[in-house]
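Trainee: I have a structure I would like to understand better, so I am pasting it below and will then ask my questions one at a time.
The values are calculated or read from the model by the stated rules, or taken from the named source; none is laboratory data. Keep in mind it's a predicted model, so treat the numbers as computed, not measured. Every residue, glycine as well, gets a Cβ built from its backbone with ideal geometry; the counts of neighbours run over all protein chains shown. All accessible areas refer to the heavy atoms of the entire protein, side chains included, with ligands and DNA or RNA removed. Shrake-Rupley method; radii C 1.70, N 1.55, O 1.52, S 1.80 Å.
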Amino acid sequence: MAREKSWQDIIPVADLMKGDATPVQFGARELAVFDTVEGVTVSMARCTHGAANLCDGYFDGKTIECPLHQGLFDARSGEALAAPARVKLRMLESRVQDGNVQIYI
Ligand code: FES
């Protein structure tokens, strides 16, 4: 039987790197928490092109550049914007509640 989804705290907002990408380990999941110009978003941390952790890449508040081959993703929508990245990032439904970043899983 499938477990019901619920909101889970993953990191206090105060612990985020301001204006940057913060890596968060949540159980077996490696997540990237982006402090974007439009608010906090969360994706799976691994690049969809290879195995690089996107939190090691360059983040400008809107886009994240992969540290390995410089593929580019929109950190708000997950869209792949520049080759060799072609597959969208898997974004997780997220929100900020009571000072914590939460994901709905
Ligand atoms: Fe990210 Fe290749 S591993 S662009």
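Trainee: Scan region 1-46 for residues that are among the aliphatic types (A, V, I, L, M), within 11 Å of the chain's Cα centre (by Cα) and open to solvent by less than 30 Å² (accessible area, probe 1.4 Å) and report the count.
Mentor: Adding up the residues that qualify gives 7.
Trainee: Please specify each residue of region 73-96 satisfying the condition of being under 21 Å from Asp9 (Cα atoms) and of a type in the set (Lys, Arg).
Mentor: Selection gives Arg76, Arg90, Arg95.
Trainee: Being of a type in the set (A, V, I, L, M, F, W, C), open to solvent by 40 Å² or more (accessible area, probe 1.4 Å) and more than 10 Å from the ligand (Cβ to nearest atom) is the filter here; which residues of region 69-86 pass it? Steps first, answer last, please.
Mentor: Pass one, region 69-86, residues of a type in the set (A, V, I, L, M, F, W, C): 72-73, 75, 80-83, 85.
Restricting the remaining residues to those that are open to solvent by 40 Å² or more (accessible area, probe 1.4 Å) gives 72, 81, 83.
Scanning region 69-86 gives a single hit, Leu81.
Trainee: Would you please name the residue that is farthest from the ligand (Cβ to nearest atom), looking only at residues in region 47-67 that are of a type in the set (Ser, Thr, Tyr) and open to solvent by 50 Å² or more (accessible area, probe 1.4 Å)?
Mentor: Going through region 47-67, the residues of a type in the set (Ser, Thr, Tyr) turn out to be 48, 58, 63.
From what is left, the residues that are open to solvent by 50 Å² or more (accessible area, probe 1.4 Å) are 48, 58.
Working: Thr48: 7, Tyr58: 12 Å.
Filtering first and then ranking leaves Tyr58.
Trainee: Restricting attention to region 92-105, does a residue exist that is surrounded by 14 or more Cβ atoms within 10 Å (Cβ to Cβ) and touching a Cys at 6+ places or on another chain (Cβ under 8 Å)?
Mentor: No, because not a single residue in region 92-105 is surrounded by 14 or more Cβ atoms within 10 Å (Cβ to Cβ) and touching a Cys at 6+ places or on another chain (Cβ under 8 Å).
Trainee: Here are the criteria: (1) more than 14 Å from the ligand (Cβ to nearest atom); (2) under 14 Å from Ala75 (Cβ atoms). Tell me which single one Ala32 does not satisfy.
Mentor: (1)
Trainee: Continuing with the same structure: Kindly evaluate Ala82 against the criterion of being touching a Leu at 6+ places or on another chain (Cβ under 7 Å) and not β-branched (Val, Ile, Thr).
Mentor: Here the answer is yes, as Ala82 does meet what is asked.
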